[in-house]
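The values are calculated or read from the model by the stated rules, or taken from the named source; none is laboratory data. Not measured: the values here are computed from a predicted model. For neighbour counting, all protein chains shown are included, and Cβ atoms are generated from backbone atoms with ideal geometry for every residue, glycine included. Keep in mind that these areas ignore ligands, DNA and RNA; they rest on the heavy atoms of the full protein, side chains included. Shrake-Rupley method; radii C 1.70, N 1.55, O 1.52, S 1.80 Å.
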Amino acid sequence: MSTFDDPFDADRNLGAGCVCGQHRSAREHEQAALRCEPVESEEKRYEGVVASAVMRAMFPQDVARRAFLKSVGASTALAALSQFFPLQTATEVFAQAGTPEKKDLKVGFIPITCATPIIMAAPLGFYSKHGLNVDVVKTAGWAVVRDKTINKEYDAAHMLAPMPLAISLGLGSNPIPFAVPAIENINGQGITLAMKHKDKRNPKDWKGMKFAIPFDYSMHNYLLRYYLAEHGLDPDTDVQLRSVPPPEMVANLRADNIDGFLAPDNICQRAIYDGVGFMHLLSKEIWDGHPCCSFAASREFITSAPNSFAALTRAIVDATAYASKAENRKQIAEAIAPANYINAPVTVLEQVLTGTYADGLGGVKTDAKRVDFDPFPWQSFAVWMLTQMKRWGQIKGDVDYKAVAEQVYLATDTKKLMTEMGLSPPASAYKSFSVMGKNFDPAKPEDYVASFKIRKAS
Amino acid sequence: MTSSLRLRAGLVSIVLLAALLGVWHLATRSTGATTTMSPEYAKLMGLTATQGKSAMPGPLDVGAKLWEHLRRPFYDNGPNDKGLGIQLGYSIARVGLGYLLAVLVAIPLGFMIGMSPLLSKALDPFIQVLKPISPLAWMPLALYTIKDSSISAIFVIFICSIWPMLLNTVFGVASVRKEWINVARTLEVGTVRRAFTVILPAAAPTILTGMRISIGIAWLVIVAAEMLVGGTGIGYFVWNEWNNLSITNVIIAILLIGVVGMLLDQILARFTRMVTFPE
């Protein structure tokens, strides 16, 4: 029995199998549904969580509870319950998580659509709802985000999903323990090529081309390398990969200095909007549902201000849930477009967020999941990133994949927070998925690394 | 005669400016619709793609945008979007602070080195090695050790504007005419008094020339430093607009950076004239 089915529902399916009958268990059904369905109001959600807990405590037997509900009806049951149990007070106590140790926080971000939940939480009031006063600060580049977070100028920051792993391992910086309570976005990148390559759609013909990526420790790097290698190109010898800040990618593409790039969105769409490139493919076609950016903080901040950190995570999870709804996307595009935030034309952001976009070749395409939002920090994502770091020689020697993943990706804490918020996190922090048709088993990372023909000899 | 020369020079300047603007305008005109697109598709595309508009803005675009900025130079829309006046203010404040620190260190130190041939020889290798280091090369080191981005920016200004001042002070002090010092010595003037009443006035024009070079360097550096660390300042403004690929705003920023740099230089030039003396 899942924690999240409604104990006031007399018709709830008690046996194996789910309500709709398409899944083996109620839990599987829930996991198939959106994991972060926001309820109309916070109070309602907390009330539901508290009332459910009380109801379950009073009638531990499902059958007995069902009989009781059948005889009096759910609303009467709730009313009866509140007669002798102070539901209202309990809800208030529950909703009032520990007071934040530090209310004025600074969160750094890079102006790309991946930062959507972090950014929108400011203008749309998600931070203030959780009792925080957050300044979201635009930052000039990934290395600067890293340094300013390490220097404690930022309390938390928008980072590429592999960055906290790299920082914790001391790759490209001193080893400082960092943690990820939430994934910012999934999908939301693309391979954009210069217009002159519009007839060269087969990656096998790309030998000798120059590609830009935003940062070495990025999903962009790993996905592009993966994609090239699957097509038989060695990314270290057959093509040139350059670390280039996103706005310069568009300018370099225009100047014919690079042939294409795998970049975070709004940059891909911006190249199309300016007529200098076309969308070769969305990163979601390489791995549907891959993580892109993360929300990260240092362990030190988490231990020194646990309540602030929890409130921050709640605000991000809340904003992410809001952003995952297609009907909110237009409003979000408008909220994050001004100079204070992403500083990009609204049309570009709208095309990215709604998924109805010009492909640069004269066609209009629609893919509602072009960028999507799901905060749960799957530890198997972290294991996959570590396998790629190992594959491309960023990690030398042995690595305890599971230990690092579990130390950095805070699935357990986030699960607890999500449960408190009345959301339904998945039961396990590991799931397998397939990247370009190849299955990844998080339990056997070393075998996975060994299975690739093209990789850096270490 | 001089007034007529000035008039003619002014006229030539205006003609050159007009010619420049004219060429610029002609070079960046729209070329009209380049391709036929479905209206649905065209709605999703920018003007460059749909109307063949040059990616480079024309002088009229820049003028209009500049007017927009000048009308409200001090607006403040939160931490990432402030008016140009505020951004320039931040940059000038940083430059002022770093520069002031450099003055406080460079001039007394330059005096000491200039008056002591021993120190001069001993410190010379250090100065020669440190002087040519690019300002931005200091930035990662500063960020890493100081652990504060705005202090790092000030440090970079400091470290880069110190050398010309120091060298010029040393040179100015060391090349004060021997006769003057000897006269002071025969009149039994003490070292401190000699430094202030004889050497300082004599070396002042050279010192101020060094300061003038330094302020130019400081202003060059701040824009690059702010682009690197972001946050506030005119350099951040350039980076933010570059991020938006808004060349119009980048050009405006370049114009303003030039104007402010010229003003700073003129202020120092005036001081130099004030302390210059006929021999």
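Some observations on this one:
- The set of residues in segment B:220-279 being part of a loop (DSSP other than H, G, I, E, B) and closer than 14 Å to B:Val62 by Cβ consists of B:Ser246 alone.
- Considering the conditions (1) over 30 Å from B:Gly46 (Cα atoms); (2) of a type outside the set (A, V, I, L, M, F, W, C); (3) within 14 Å of another protein chain (Cβ to nearest Cβ); (4) in a loop (DSSP other than H, G, I, E, B), B:Glu188 is excluded by exactly one of them, (3).
- Screening A:Trp206 with (1) touching a Lys or Arg at 6+ places or on another chain (Cβ under 9 Å); (2) open to solvent by 10 Å² or more (accessible area, probe 1.4 Å) gives one miss only, at (2).
- Of all the criteria given as (1) over 20 Å from the mean Cα position of the chain (by Cα); (2) surrounded by fewer than 17 Cβ atoms within 10 Å (Cβ to Cβ); (3) under 26 Å from A:Arg299 (Cα atoms), the one not satisfied by A:Ile395 is (2).
- Checked against (1) open to solvent by less than 30 Å² (accessible area, probe 1.4 Å); (2) away from every other protein chain (no Cβ under 14 Å); (3) more than 23 Å from B:Ser149 (Cβ to Cβ), B:Val221 meets all criteria but (3).
- Condition broken by B:Ile199, with the remaining ones in (1) more than 14 Å from chain A (Cβ to nearest Cβ); (2) under 24 Å from B:Val156 (Cα atoms); (3) not hydroxyl-bearing (Ser, Thr, Tyr) satisfied: (2)
- Residue selected from segment A:106-151 under the condition of a type in the set (Gly, Ala, Ser) and surrounded by fewer than 21 Cβ atoms within 10 Å (Cβ to Cβ), by the criterion farthest from A:Ile186 (Cα to Cα): A:Gly131
- For segment B:67-84, the count of residues that are within 14 Å of chain A (Cβ to nearest Cβ), among the basic types (Lys, Arg), within 25 Å of A:Pro111 (Cβ to Cβ) and assigned to a helix (DSSP H, G or I) is zero.
- Residue within segment B:168-178 that is among the β-branched types (Val, Ile, Thr) and open to solvent by 50 Å² or more (accessible area, probe 1.4 Å) present: no
- Any strands (runs of 3 or more DSSP E) falling wholly within segment A:218-295 and containing at least 2 residues that are in contact (Cβ under 8 Å) with a residue 60 or more places away in the chain and open to solvent by less than 10 Å² (accessible area, probe 1.4 Å): A:260-264, A:277-282
- Within the span defined as segment B:150-164, one or more residues are open to solvent by 70 Å² or more (accessible area, probe 1.4 Å), at pLDDT 85 or above and within 14 Å of another protein chain (Cβ to nearest Cβ).
- Some residue of segment A:421-429 being free of Cβ contacts under 8 Å to residues at least 60 places away in the same chain, more than 14 Å from chain B (Cβ to nearest Cβ) and open to solvent by 30 Å² or more (accessible area, probe 1.4 Å): yes
- Within segment A:178-200, being closer than 16 Å to A:Ile258 by Cα and assigned to a loop (DSSP other than H, G, I, E, B) holds for A:Lys198, A:Lys200.
- Failed condition for A:Ile176, given (1) away from every other protein chain (no Cβ under 14 Å); (2) β-branched (Val, Ile, Thr); (3) within 24 Å of A:Asp104 (Cβ to Cβ); (4) more than 19 Å from the chain's Cα centre (by Cα): (1)
- Residues (more than 18 Å from the chain's Cα centre (by Cα) and in a strand (DSSP E or B)) located in segment A:137-163: A:Val137, A:Lys138
- Scanning segment A:153-195 for residues being touching a residue at least 60 places away in the same chain (Cβ under 8 Å) and either among the charged types (D, E, K, R) or open to solvent by 10 Å² or more (accessible area, probe 1.4 Å) (or both) gives a total of 9.
- Among the residues of segment B:102-119, those identified as farther than 17 Å from B:Thr206 by Cα and open to solvent by less than 80 Å² (accessible area, probe 1.4 Å) are B:Ser116, B:Leu119.
- Annotation note: of A:Ala326, A:Ala333, the sole residue that is closer than 30 Å to A:Thr419 by Cα, out of contact with any Phe, Trp or Tyr (no Cβ under 6 Å at 6 or more places or on another chain) and surrounded by fewer than 21 Cβ atoms within 10 Å (Cβ to Cβ) is A:Ala326.
- In the set (1) within 17 Å of the chain's Cα centre (by Cα); (2) open to solvent by 40 Å² or more (accessible area, probe 1.4 Å), the condition left unmet by B:Gly85 is number (2).
- Test: residue in segment B:52-61 that is acidic (Asp, Glu), within 14 Å of chain A (Cβ to nearest Cβ) and under 30 Å from A:Cys268 (Cβ atoms): no
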